[in-house]
Structure formats: C-alpha cells, structure tokens
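I have placed the structure first, in the form of structure tokens, so that the comments after it can refer back to it.
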Amino acid sequence: MATPTRTTESGPALRRSAFRRSRGDGPFRFASTGAGVVLLAIMAAIGLFLVVKAVPALQANTSHFLTELTWQPNATKPVFGIGALAFGTVLSSLLALLIATPVAVGVALFISHYAPRRLASALGYVVDLLAAVPSVVYGLWGVTFLVPFMLGPSTFLNDYFGWIPLFSGESIVGKSMLTASLVLAIMILPIIAAISREVFLQAPKMQEEAALALGATRWEMIRTAVLPFGRPGVISAAMLGLGRAMGETIAVALIFPATFKISFQILGPYGNSIAANIANGFGEATEVGRGALIASGLVLFLITLLVNMAARFIIARRKEYARAAA
Amino acid sequence: MTVQTGIQPISATRRAKDRLVQALVYLAFALAVIPLVSVLWLVVKNGAGRFDMEFFTHSMRNIGARDAGGGAYHAIIGTLEQVLLASLIAVPIGLLTAVYLVEYGEGGRLSRIISFFVDVMTGVPSVVSGLFVLAFWILVLGMSFSGFAGALALSILMMPVVVRATEEMLRLVPRELREASYALGVPKWRTIVKVVLPTALPGIVTGVMLAVARVAGETAPLLLTVFVTDSINNDPFNGPQMGLPLYVFNQTILPTDVAVDRAWTGALTLILIVMLLNLVARLITWWRSPARRR
Amino acid sequence: MAKQIEVAGLDAYYGSHKAIEGISMTIEPRSVTAFIGPSGCGKSTFLRTLNRMHEVIPGARVEGKVRLEDQDLYGPEIDPVSVRRTIGMVFQRPNPFPTMSIYDNVAAGLRLNGRVSRSQLDGIVEDSLKGANLWNEVKDRLARPGAGLSGGQQQRLCIARAIAVRPQVLLMDEPCSALDPISTLAIEDLISKLKQDYTIVIVTHNMQQAARVSDRTAFFNLAAQGQPGKLVEMDETSKIFTNPAEKATEDYITGRFG
Ligand SMILES: Nc1ncnc2c1ncn2[C@@H]1O[C@H](COP(=O)(O)OP(=O)(O)OP(=O)(O)O)[C@@H](O)[C@H]1O
Ligand SMILES: [Mg+2]
C-alpha cells in the first residue's frame with residue numbers, strides 16, 4: 001500500500017514567497033485552528049470542572065474516599081467512598097471482556113476468513129447492528145428478559161460448579177454481576193469484532209498463500225499468518241472494549257442490584273458500578289451528593305482514560321511494527 | 001530420511017482440529033447473532049402493542065404509573081431538538097478541526113496534540129460528559145436543566161466521531177485534485193471549500209449521520225442535564241425537557257405493566273430512528289462509492 | 001523423490017472468466033521446466049493449478065486432469081492440503097513470515113506435520129538452509145527475524161522453507177523478478193543444484209534465465225486480450241531458442257512482440 005497521503009503540499013513555499021496570500025486564507029485558517037483549540041479547551045474544562053465540583057464534597061466527606069465502601073453522601077454527616085463501586089466497575093468489565101473477546105475474535109475470523117465472500121460484508125453489517133442498539137434498550141431487554149432467564153443457568157452453575165469461588169454463594173438471583181457482565185459483553189462485542197475483523201482482513205495475502213503452499217490447513221494458515229499479525233490489533237480492540245464497558249451506564253444501572261459490598265460471588269445479589277451509581281443516585285442527591293457523584297465520575301474518567309491510552313499506545317506501536325516488517 | 005511416495009493424506013488430528021475450529025468460528029457468529037435477534041424480536045413484539053396514535057400525539061401529563069394510555073410525544077420532540085442542537089454545535093467544530101488536522105496542521109505539534117485528545121475524547125464515557133455539563137453549565141454557571149444542556153453533553157460525544165470521519169474522508173481526496181486547483185491560481189481556502197470538501201462530502205455526511213445515530217440513543221448524559229418531565233416543552237432553552245431514551249429508562253423503572261409496555265414502544269421508536277439513520281448513512285456510502293469497498 | 005507431472009485438457013477459470021484453456025503437457029522429473037510468454041497469458045494461473053493453489057482465490061475453479069505419477073491431483077479423495085505439502089511453491093515476492101525467526105520460518109511447514117524432535121528439526125533446518133545456499137550467511141543469527149534479511153536472502157529463505165518439507169515438485173513463479181542481478185545468480189545456481197532432487201517448474205520473463213537454467217521450455221500465448229491463454233509449444237530449451245516450430249514462439253523470443 002502507498003504511504004498515507006500526508007498532505008505536505010508542494011505549494012506553500014511557492015505561494016507564500018512570490019505571491020501574497022489570498023485574503024480569505026487567514027480567517028479560514030484561523031477558524032479551523034480555533035475549532036481544534038476549542039476541542040482542547042473542552043477536554044481541559046472536563047477535567048477542571050469535575051475537580052472543581054468534586055473538591056467541596058470530598059472535603060465534606062468524613063471517611064476516606066478511595067477506600068470507603070458505603071455511599072451515603074446525602075446524610076448530615078456524609079460518608080462515601082469509591083471502593084465498592086470501583087471494584088464492581090472493574091470486575092464487571094473484566095468479566096464482560098472475558099466473555100466477549102473469544103466470541104468477537106471468532107466472529108471476526110468468520111467474516112474475514114470463513115464466511116462465503118458474497119455474504120461476508122452483509123454478515124459484518126449484522127454484527128455492526130448490535131452496536132447500533134441504544135444501551136437503554138439493552139437495559140430494558142436485560143431486566144425484563146435476561147434477568148429472569150439467567151436464574152436457571154445461574155442455579156445450574158451454582159449447583160454443579162459451586163466449588164469455584166466465583167459461582168459459590170447461598171442466594172442465587174437473576175440481577176447479578178454475571179447478568180450485568182453478560183449484557184456488557186453483548187454491548188462491547190461489536191467494537192472488538194469490528195476492529196479485529198479489519199486487522200484480520202489486512203493480514204498480508206502473501207503470507208497466507210505461503211502458509212497454504214506449505215500444506216497448511218485453513219486453521220493452520222490462520223494460526224501462522226493471520227493471528228500473529230493481528231494480535232496487537234486484537235489486544236487494543238479488547239482494551240477499547242474494556243473502556244467502553246467501564247463507562248457503560250444505563251443498561252447496568254437497570255440490572256445491578258446496587259449494593260455497596262465487595263463480593264466475588266457473581267451469581268449473588270451483589271454488584272454496582274461507578275456509572276450505574278451515578279444514574280441511580282442522581283435523582284435524590286443533595287448538593288454534597290452531587291459533588292460526590294461528580295468525584296466518582298472523575299475517577300471513572302481517569303480509569304477509562306488510562307485504559308484507552310494503553311489501547312492507543314498498542315495500536316501506535318503496531319504501526320511501527322508493520323512498517324518494520326514491510 | 002523418510003522418502004515419501006505419492007500424496008499422503010494429512011493426519012486425522014490435523015483434519016479434526018481444522019474442523020473443530022471451523023465449528024467454533026461458526027458457533028461464535030451464531031452466539032453473537034442470538035442476542036441481536038432476541039432484542040429485536042422482543043422490541044417489535046412488545047413494542048407493537050402501544051405503537052398507536054396516542055403514543056405519538058400525547059405526553060405523559062397527568063398520567064400516573066398505573067394509568068394506561070399516555071405517549072412519548074414530548075420525549076420525541078425533546079430528542080429531535082436536542083440532537084439537532086447537538087449537531088449544530090458538534091458538526092462545525094468537528095468539521096473545522098478535521099480540516100485543520102488534514103490541511104493546516106502539517107503534522108506539527110499542535111496538530112499532534114489535538115489528534116491525541118480527539119482519541120481521548122472518543123473514550124470519554126457518556127455519563128462523564130453529562131457530569132461535566134452538570135458541573136460546568138448547571139452548577140457553576142447556574143443555568144437551568146434544559147434541552148440545551150442535554151445537547152451540550154451530546155455534542156461532546158459527537159465531536160470526536162465527526163472529526164475522525166471527516167479526517168478520514170479528507171485524506172482520501174487525491175492530492176492531484178488539490179494541486180490542479182492550486183495550479184489554476186485558486187487560493188488554498190477556496191480549494192478546500194470548493195474542491196476538497198465537496199469531494200469528501202458523501203463520506204462526511206455518512207460520518208455525521210452515524211454520529212447522530214450514536215448520540216440519539218444516549219440516556220446517561222440526558223439524565224444528568226435535561227432533568228425529567230412528563231409535559232411537553234417545545235423550548236429547549238428553558239426548563240426541563242424529556243428525551244426518548246430517558247423516557248424508556250423512566251418507564252422501565254416503574255413497577256407496572258402499562259409503564260413497561262410504554263417503555264417497549266419507546267424502545268421500538270428509538271430503534272427505528274437509530275436504524276433509519278444508520279441505514280441512510282450506509283446507503284449514502286454504498287451509493288456514492290461502490291468501488292471503494294473491498 | 002522427484003516425480004513426473006502430466007496435464008491433460010486443463011481449463012482454469014476466475015468466476016466466469018476463462019483464463020487458460022486446453023493445456024496438456026508432461027513435466028519431466030529431475031529437470032527444470034520453464035514457462036515463458038507475454039504478460040497475462042496465464043503462466044501464473046497454470047502454475048497455481050499444479051498444486052491446487054488456484055482454488056484459494058474466491059470463485060476460481062479448474063477443469064481437466066493433472067496427474068502426479070499415478071495420482072489424480074483433482075481426484076475426489078484427494079485433499080488439496082496434502083497436494084500442497086507434496087508440491088511446494090515459491091512466490092514472486094519473497095514472503096517469509098514476519099513474526100517468525102529465520103529458524104522458525106524454515107521449520108514452519110514441518111511443525112504443521114506433528115511432532116518432530118528438536119534435534120531432528122535442527123538437522124532439517126540446517127540441511128534446508130544449506131540446500132538453499134543460505135546456511136553460511138545466516139548460521140550465526142538463526143533466531144533473528146526472517147524479515148531482516150536482504151531480498152535475495154529472503155527469497156532463498158523461502159526456498160529453504162519450501163524444501164524443508166521434502167516436496168517432490170517445486171513450483172517457482174518469477175522467483176527472481178524482485179531481486180538484483182547478484183541475488184538472481186545465486187538463485188539460478190541454486191535451481192541447477194536442486195534439480196538433482198526435485199522436479200522444478202519456473203515461470204520467468206527473462207529469456208536468458210530460461211535459456212540458462214531450464215531443460216525444457218513451454219511457450220504460452222493468448223490470441224487476444226480477454227481470450228484464454230493457451231500452450232503454443234513445448235520442447236527442449238535449446239530447440240525452442242534456436243529453432244522453434246511455431247512462428248509465434250520465434251517472434252516472442254526474438255523480441256518482436258510481448
Ligand atoms: N485473482 C484473479 N482474479 C481474476 N482474474 C485473474 C486473477 N488473477 C489473474 N487473472 C486473470 O487471468 C489471466 C491470466 O493471468 P496470470 O496472472 O495467470 O498471467 P501471467 O501469465 O502470470 O502474467 P504475468 O506475466 O504478468 O505474471 C489474466 O487475464 C488475468 O487478468
Ligand atoms: Mg504471473
């Protein structure tokens with residue numbers, strides 16, 4: 001492939017030196033630069049104003065914000081902390097990632113290397129449709145259909161695999177960490193599948209043919225020529241999915257039982273997340289309560305920022321790798 | 001050294017592994033489609049019941065959780081206004097930022113910083129954009145909860161999508177086209193406005209529509225910024241307004257069947273709007289550039 | 001272990017487009033057969049039908065017979081995977097696996113076929129690299145990435161990779177066209193050496209190369225653009241280049257067209 005057309009016009013030197021610039025150029029250049037700066041200002045403002053409104057609430061807090069589990073910022077003596085919420089956010093997102101990634105990679109391979117060519121792009125569109133369903137619809141589907149449905153499989157898991165700590169516990173419910181993670185998995189599957197599909201499609205045909213010419217089966221060809229090439233792309237896709245899962249709000253707000261307890265029993269009536277707590281707690285929040293929610297949002301912002309930056313970093317490295325290999 | 005004679009069939013294990021992986025890959029696709037089918041089926045089945053005239057012409061004013069009837073007129077109006085306002089804010093900023101990145105940035109420091117923060121912005125959780133507008137617009141500036149506040153939050157989510165879509169399209173415009181225009185003595189800005197942007201327009205429109213489709217279904221930012229109302233409020237700048245996703249959320253958490261029925265119909269309407277936007281966006285791409293796709 | 005290939009009445013299609021038509025020939029064991037002809041006449045297509053790589057392309061199919069000694073390559077019970085294992089291929093552009101070391105590249109095909117002990121593998125890798133005249137250049141850096149070699153070295157690495165699985169036939173599609181003259185000479189030397197053990201088929205646009213390395217030469221041509229390519233004639237290389245039976249062959253090799 002040709003190198004991306006980085007638009008270094010050969011023109012500027014000539015146009016700038018010999019002739020005056022057209023009168024419209026200044027304002028237009030100014031406007032487009034200005035738009036970019038506005039965008040930067042918005043990002044800075046997001047950080048700034050979250051901090052500004054979080055600080056008074058954090059000062060009113062009578063407990064330690066990072067380690068406290070309970071969330072009672074509306075009380076006369078506010079007590080609140082991010083502990084249980086952060087735990088729930090991370091656990092549910094990791095579970096979602098664990099469920100979604102293998103399926104997404106399978107879907108991506110299906111579309112890039114298994115499905116009949118004529119159907120492939122149409123089938124890819126079907127998977128993209130999953131991403132187009134609004135999260136509140138997944139929430140509605142989750143509470144009305146998936147929650148009661150999951151009671152059966154959850155009881156089964158508990159009966160036969162209860163010896164695994166994750167599946168242990170006395171009370172088994174539909175509104176559990178597992179159900180929430182499952183909904184999250186469905187929601188992040190399309191993005192992981194779409195990015196993986198793109199990198200698998202870009203796997204060099206030359207190496208695929210080399211593998212086939214050595215007498216590799218289709219799977220062996222994929223293992224030798226496609227997966228090693230696509231691995232960094234899949235990893236960063238998974239990270240982007242993780243970031244999405246952590247920030248997802250409404251669907252899980254409807255499903256989580258909204259407890260403030262740290263428990264690994266994913267079939268039990270436990271579970272909450274920072275984002276879900278913001279949606280559920282905003283209605284009756286007082287001044288301090290809102291500040292507390294904003295503080296928790298700030299933490300969420302920082303976590304997702306780190307995850308996303310890690311993902312981008314991997315993508316960026318991958319480009320260099322591809323260039324080195326070319 | 002073993003000398004082979006003729007074509008040896010490959011080992012059964014290798015064949016079996018190949019078949020197994022093939023089965024797993026097909027299974028993965030089936031697994032991905034099941035939830036989609038389930039969601040769409042239930043939304044259509046449960047949403048059809050209240051998909052009636054009253055739903056599209058009435059608000060929820062004076063209708064309690066137990067009462068049948070009522071509609072989402074106020075929410076649909078709200079969503080349309082909010083999304084329109086959000087686009088009016090996000091599209092110019094996003095478009096111009098992309099123009100800066102492609103045409104003026106020249107890979108300089110500022111353009112790399114902006115590009116980096118566009119990526120960061122893509123990852124901002126929607127609830128955080130709502131919290132930001134709450135903190136800045138409502139709590140610090142003292143403005144009221146309003147449709148416009150919701151539009152602000154939505155525009156933050158739209159901007160990076162518009163920037164990336166536009167940027168990608170602008171980079172596809174061949175350099176020769178720009179140079180042909182320069183060679184005629186057309187200044188750079190007119191080249192961009194008259195030659196580059198029109199060439200990239202279908203792609204940009206597609207990107208904008210996908211961005212609109214994405215934010216039209218957002219609930220969390222609205223929850224924190226437009227507040228909630230059961231009445232019609234046509235003025236997005238004054239007082240609480242409803243939004244369709246928020247309406248679905250609100251009816252879902254009510255404990256009665258009639259409310260949940262309204263939620264399903266709201267969901268059906270929302271999906272129809274979002275899918276329609278998606279479909280139109282894809283049709284534009286497909287219609288304008290059949291060859292560009294592999 | 002070299003074997004004879006016999007082709008009878010072979011047609012190959014890309015979707016509805018017929019790329020080659022009615023090709024019949026015999027390819028002798030332990031010799032080099034060169035395919036020459038103008039661009040687009042179907043040399044690559046034909047070559048790829050010989051180890052069933054043609055059908056890897058979506059919509060592509062083949063009619064007719066190809067026999068390796070007594071086996072029909074397109075027989076119903078024959079698995080294309082095992083055909084490719086027996087009939088190896090070297091491509092126009094060197095294509096080592098970029099994520100693998102030099103050693104792993106050579107071992108890649110062997111590893112597919114179940115367990116091979118490390119010492120056995122070491123031996124075969126060394127033999128293959130020696131066979132490809134590359135051993136002396138890389139023996140100290142077997143663990144380094146294969147993509148770090150020069151183009152000519154990469155191509156010899158690909159040849160080593162292809163012969164490591166002990167095929168009976170080696171197909172080469174313009175193996176030198178991406179290489180400099182020195183690397184080209186190295187590969188030509190290698191081909192002359194390999195023909196003692198393998199049946200070799202090479203596609204080339206370079207007349208001198210065909211004359212230098214091949215024992216027999218086949219000339220392909222097409223009547224007009226859009227028409228399927230056909231085999232015009234096939235004979236001893238010396239005969240083709242000095243006294244061809246067909247006028248078209250003479251015109252082509254003397255540079256009057258193509
Ligand atoms: N993947 C493909 N899909 C469709 N048609 C193809 C494909 N590959 C080749 N063809 C067509 O088949 C015909 C023969 O092509 P082929 O590549 O075999 O020619 P060639 O003799 O190897 O040419 P060259 O000397 O340029 O390599 C050509 O008309 C070509 O357009
Ligand atoms: Mg060719």
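The values are calculated or read from the model by the stated rules, or taken from the named source; none is laboratory data. If you're wondering where the values come from, they're calculated on a predicted model, not measured in any experiment. Ideal geometry is used to build each Cβ from the backbone, glycine not excepted, and the neighbour counts take in all protein chains shown. Please note that ligands, DNA and RNA were not included when accessible areas were found on the heavy atoms of the full protein model with its side chains. Shrake-Rupley method; radii C 1.70, N 1.55, O 1.52, S 1.80 Å.
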Only one of these is more than 14 Å from chain A (Cβ to nearest Cβ), touching a residue at least 12 places away in the same chain (Cβ under 8 Å) and either assigned to a helix (DSSP H, G or I) or within 15 Å of ligand 1 (Cβ to nearest atom) (or both): C:Ile200, C:Ile240. Name it.
C:Ile240
Quick one: is B:Ser126 closer than 19 Å to B:Gly94 by Cα and either without any contact (Cβ under 8 Å) to a residue 24 or more places away in the chain or open to solvent by 10 Å² or more (accessible area, probe 1.4 Å) (or both)?
yes
Could you say which residue among A:Gly281, A:Gly271, A:Gly291 is touching a residue at least 40 places away in the same chain (Cβ under 8 Å) and surrounded by fewer than 24 Cβ atoms within 10 Å (Cβ to Cβ)?
A:Gly281
Scope the stretch B:49-60; condition over 18 Å from B:Ile253 (Cα atoms) and either within 14 Å of another protein chain (Cβ to nearest Cβ) or open to solvent by 60 Å² or more (accessible area, probe 1.4 Å) (or both); matching residues:
B:Gly49, B:Phe51, B:Met53, B:Glu54, B:Phe56, B:Thr57, B:His58
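Considering each of C:Val32, C:Val90, C:Val106 in turn, give the residue that is within 15 Å of ligand 2 (Cβ to nearest atom), crowded, with 22+ Cβ neighbours inside 10 Å and within 30 Å of C:Lys139 (Cα to Cα).
Working: C:Val32 fails: within 15 Å of ligand 2 (Cβ to nearest atom); C:Val106 fails: within 15 Å of ligand 2 (Cβ to nearest atom).
After ruling out the rest, the residue left standing is C:Val90.
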Are any residues in the stretch B:152-211 within 12 Å of chain A (Cβ to nearest Cβ) and hydroxyl-bearing (Ser, Thr, Tyr), and if so, which ones?
B:Ser155, B:Thr166, B:Ser181, B:Tyr182, B:Thr191
Go through (1) open to solvent by 10 Å² or more (accessible area, probe 1.4 Å); (2) within 30 Å of A:Ala275 (Cα to Cα) for B:Thr219 and report which single condition fails.
(1)
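In this structure, is C:Gly109 facing another protein chain (nearest Cβ under 10 Å), closer than 26 Å to C:Ala164 by Cα and in contact (Cβ under 8 Å) with a residue 12 or more places away in the chain?
Details: facing another protein chain (nearest Cβ under 10 Å): yes; closer than 26 Å to C:Ala164 by Cα: yes; in contact (Cβ under 8 Å) with a residue 12 or more places away in the chain: yes.
In short, yes.
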Residue pairs within 6 Å by beta carbon, gap of at least six or interchain, first lying in the stretch C:159-183 and closer than 16 Å to C:Leu194 by Cα, second part of a strand (DSSP E or B) and open to solvent by 10 Å² or more (accessible area, probe 1.4 Å), listed first then second, are C:Leu171/C:Met89
Scanning the stretch B:135-145 for residues that are more than 7 Å from every other protein chain (Cβ to nearest Cβ) and among the aliphatic types (A, V, I, L, M) gives B:Ile138, B:Leu141, B:Met143
Count of the stretch C:55-87 residues which are touching a Ser or Thr at 6+ places or on another chain (Cβ under 9 Å) and within 14 Å of ligand 2 (Cβ to nearest atom)
0
Those helices (runs of 4 or more DSSP H) completely within the stretch A:160-239 that have 1 or more residues that are within 28 Å of the chain's Cα centre (by Cα) and assigned by TED's automatic domain parsing to the domain that holds A:Gly106 are A:177-202
Considering only strands (runs of 3 or more DSSP E) wholly within the stretch C:1-104, the ones with at least 2 residues that are more than 16 Å from ligand 1 (Cβ to nearest atom) are C:5-14, C:17-27, C:60-68, C:87-90
I'm trying to understand the selection: among the residues of the stretch B:111-131, which are more than 7 Å from every other protein chain (Cβ to nearest Cβ) and not β-branched (Val, Ile, Thr)?
B:Ser111, B:Arg112, B:Ser115, B:Phe116, B:Ser129, B:Gly130
Quick one: C:Gly22 ticks every box in (1) open to solvent by 10 Å² or more (accessible area, probe 1.4 Å); (2) more than 16 Å from ligand 2 (Cβ to nearest atom); (3) within 8 Å of another protein chain (Cβ to nearest Cβ) except a single one, so which number is it?
(3)
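Take the conditions more than 23 Å from A:Asn277 (Cα to Cα) and surrounded by fewer than 24 Cβ atoms within 10 Å (Cβ to Cβ) and apply them to A:Arg197. Does it pass?
Working: more than 23 Å from A:Asn277 (Cα to Cα): yes; surrounded by fewer than 24 Cβ atoms within 10 Å (Cβ to Cβ): no.
No; evaluated as a whole, the condition is false for this residue.
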Might you let me know whether the stretch C:216-234 holds any residue that is open to solvent by less than 20 Å² (accessible area, probe 1.4 Å), touching a residue at least 12 places away in the same chain (Cβ under 8 Å), in contact with an Asp or Glu (Cβ under 6 Å, 6 or more places away or on another chain) and within 16 Å of ligand 2 (Cβ to nearest atom)?
yes
Kindly indicate which of A:Ala216, A:Ala203, A:Ala237, A:Ala225 is among the hydrophobic types (A, V, I, L, M, F, W, C), open to solvent by less than 20 Å² (accessible area, probe 1.4 Å) and over 19 Å from C:Val56 (Cα atoms).
A:Ala237
Odd one out for B:Phe237, checked against (1) open to solvent by 30 Å² or more (accessible area, probe 1.4 Å); (2) part of a helix (DSSP H, G or I); (3) at pLDDT 90 or above:
(2)
Condition first: over 18 Å from the mean Cα position of the chain (by Cα) and either in a loop (DSSP other than H, G, I, E, B) or not assigned by TED's automatic domain parsing to the domain that holds A:Pro153 (or both). Can you find one or more residues in the stretch A:286-307 that meet it?
yes
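Check C:Arg115, C:Arg141, C:Arg166, C:Arg156 and return the single one that is of a type in the set (D, E, K, R), away from chain A (no Cβ under 13 Å) and under 29 Å from B:Arg15 (Cα atoms). I'd like the intermediate steps shown before the answer.
Values: C:Arg141 fails: under 29 Å from B:Arg15 (Cα atoms); C:Arg166 fails: away from chain A (no Cβ under 13 Å); C:Arg156 fails: under 29 Å from B:Arg15 (Cα atoms).
Answer to the selection: C:Arg115.
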Go through the residues of the stretch C:46-54 one by one and say whether even a single one is free of Cβ contacts under 8 Å to residues at least 12 places away in the same chain, more than 16 Å from ligand 2 (Cβ to nearest atom) and either in contact with a strand residue (DSSP E or B) (Cβ under 8 Å, 6 or more places away or on another chain) or not β-branched (Val, Ile, Thr) (or both).
no
Taking the stretch B:25-44 on its own, how many of its residues are facing chain A (nearest Cβ under 7 Å) and touching a residue at least 12 places away in the same chain (Cβ under 8 Å)?
2
Hits in the stretch C:51-72 - residues which are of a type outside the set (Lys, Arg), surrounded by fewer than 22 Cβ atoms within 10 Å (Cβ to Cβ) and either under 24 Å from C:His205 (Cα atoms) or away from chain A (no Cβ under 11 Å) (or both)
C:Ile57, C:Ala60, C:Val62, C:Glu63, C:Gly64, C:Glu69, C:Asp70, C:Gln71, C:Asp72
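Out of B:Val163, B:Val133, B:Val102, I need the residue that is open to solvent by less than 10 Å² (accessible area, probe 1.4 Å), within 24 Å of A:Ser236 (Cα to Cα) and either assigned to a helix (DSSP H, G or I) or not small (Gly, Ala, Ser) (or both). Which one? Even if it seems obvious, please write down each step before you answer.
Values: B:Val133 fails: within 24 Å of A:Ser236 (Cα to Cα); B:Val102 fails: within 24 Å of A:Ser236 (Cα to Cα).
Step by step, each of B:Val163, B:Val133, B:Val102 is checked, and only B:Val163 is open to solvent by less than 10 Å² (accessible area, probe 1.4 Å), within 24 Å of A:Ser236 (Cα to Cα) and either assigned to a helix (DSSP H, G or I) or not small (Gly, Ala, Ser) (or both).
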